[in-house]
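Participant: What follows is a single structure, and I will ask about it in a moment.
The values are calculated or read from the model by the stated rules, or taken from the named source; none is laboratory data. All values derive from a computational prediction rather than experimental measurement. Cβ sites come from the backbone with ideal geometry, for glycine too, and all protein chains shown count toward neighbours.
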Amino acid sequence: MHAKDELYGKLRGPAKNLTILATAYSEPKGVGTGQHEPVLFTVNYGKGRVFHTTMGHVHFKKPFSPAIECVGFIVTFQRGAEWAATGKVTQKVPDDFPTETEVRTRKSLPTE
């Protein structure tokens, strides 16, 4: 589970050399596509590595938002950056990682 966030759909470009790690269902009510859209993926780029996430949007009127306070976003961003930099992931998934039914946020982040 992930906190309320914006979901990008219909990403464009040559989807080459990529591995999709996670998707999110784009609810057709409103403007959704009715499909699973990629939210976490990796791209091999020459001798380099790219980790891409569509998660973690900040609302312009708030310094912090549920999307970036979500443990799922924080952990995937940290582990993805480590993988892109080193080719390995040594960081463990913490006990407070979201479950299938529960969003979890870091309580220690500033709220204002």
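Participant: Kindly list, by first and then second residue, each pair from a residue in the range 95-107 that is surrounded by 10 or more Cβ atoms within 10 Å (Cβ to Cβ) to a residue that is of a type in the set (Phe, Trp, Tyr), limited to pairs with Cβ atoms under 6 Å and residues at least 6 apart or on different chains.
Facilitator: The qualifying pairs do not exist here.
Participant: Report, by residue number, each residue of the range 23-55 that is out of contact with any Asp or Glu (no Cβ under 7 Å at 6 or more places or on another chain) and either in a loop (DSSP other than H, G, I, E, B) or at positive phi (or both).
Facilitator: Listed by number, the residues that qualify are Glu27, Pro28, Lys29, Gly30, Val31, Gly32, Thr33, Gly34, Gln35, Gly46, Lys47, Thr54.
Participant: A follow-up question, please. Name, by its number, the condition in (1) within 21 Å of Asp96 (Cβ to Cβ); (2) touching a Pro at 6+ places or on another chain (Cβ under 6 Å); (3) at pLDDT 90 or above that does not hold for Leu40.
Facilitator: Exception for Leu40: condition (2).
Participant: For the range 9-35, give me each residue that is within 27 Å of Tyr45 (Cα to Cα) and among the basic types (Lys, Arg).
Facilitator: Lys10, Arg12, Lys16
Participant: If you go through the range 62-93 one residue at a time, how many are more than 19 Å from Gly48 (Cβ to Cβ) and either at pLDDT below 95 or surrounded by 15 or more Cβ atoms within 10 Å (Cβ to Cβ) (or both)?
Facilitator: Of the residues in that region, 15 qualify.
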